[in-house]
Amino acid sequence: MNLFTEELEEYAEKVKILKGLAHPVRLCIVRGLMFEEGCNVSKMQGCLEIPQSTLSQHLGKLRNLGILEGERDGLEVNYYVINEDAKRVITALFNNTNLGGEK
């Protein structure tokens, strides 16, 4: 494998993260979780005002991309942002301010 091929593979991984964040709901989920780590689905659903099934689909995509991780706490699953590239993108987009969603 040459250097160019290795770079393309790295770029492909970065593109996956960007595509994962390229939806307003997913961007909001990740941004919100950076502010309040360990949030569960019920709390997110109340904040986002979207159906649970829609939220679950977005969370599933973010988990599959390695952006989020869920940790079971009894009957609840709390979610955390685990991908450093995703954190850097959110920080760059929002200049590390207002991560809690306040206006």
Practice prompt. Being acidic (Asp, Glu) and not in a helix (DSSP H, G or I) is the filter; apply it to region 11-57 and report the residue that is modelled with the lowest pLDDT.
Written response: GLU37
Fill in: Selected residue [surrounded by fewer than 16 Cβ atoms within 10 Å (Cβ to Cβ) and under 10 Å from the mean Cα position of the chain (by Cα)] from ILE82, ILE29
ILE82
Fill in: Extreme residue, modelled with the lowest pLDDT, among residues of region 58-100 that are closer than 18 Å to CYS47 by Cα, in a loop (DSSP other than H, G, I, E, B) and in contact with a helix residue (DSSP H, G or I) (Cβ under 6 Å, 6 or more places away or on another chain)
GLY100
Fill in: Criterion (touching a residue at least 12 places away in the same chain (Cβ under 8 Å), surrounded by fewer than 14 Cβ atoms within 10 Å (Cβ to Cβ) and among the hydrophobic types (A, V, I, L, M, F, W, C)) met by exactly one of LEU18, LEU59, LEU8
LEU18
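The values are calculated or read from the model by the stated rules, or taken from the named source; none is laboratory data. Just so it is clear, the model here is predicted, and its values are computed rather than measured. We place every Cβ from the backbone using ideal geometry, glycine too, and count neighbours over all the protein chains shown.
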